[in-house]
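Asker: Questions regarding the structure given below will be posed in turn.
The values are calculated or read from the model by the stated rules, or taken from the named source; none is laboratory data. Given the structure is predicted, the values throughout are model-derived calculations rather than measurements. Cβ placement follows ideal geometry from the backbone for every residue including glycine, while neighbour counts extend to all protein chains displayed.
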């Protein structure tokens, strides 16, 4: 459960931009490919799964922390609302 902090990936900005263009599902699919598969090519050369394995892992962790934090806050709010409604019900029954 994460209430506040998202583990921010410390990766190069060009990796982040490219991963964001591809999206979580495609990066996850590349992450499971064999070591020698070329992920993309640019002026810097060919980038293989082996070269990008750690940045992919860090970026995916960051991307999965966001919905986890959102879900944690939703559950927290549901619990708070339930407690407040129960307290209102108890007060109504006791005629305060």
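Asker: Answer yes or no: is there a residue in segment 62-82 that is assigned to a helix (DSSP H, G or I), surrounded by 10 or more Cβ atoms within 10 Å (Cβ to Cβ), modelled with pLDDT under 80 and on the phi < 0 side of the Ramachandran plot.
Answerer: no
Asker: Between residues in segment 12-31 that are at positive phi and residues that are modelled with pLDDT of 85 or more and in a helix (DSSP H, G or I), which pairs lie under 8 Å by C-beta distance while being six or more apart or on different chains?
Answerer: Final answer for the pair search is none.
Asker: Further question: With respect to residue 55, determine if the residue is touching a helix residue (DSSP H, G or I) at 6+ places or on another chain (Cβ under 6 Å) and within 25 Å of residue 7 (Cβ to Cβ).
Answerer: Judged against the criteria, residue 55 is a match.
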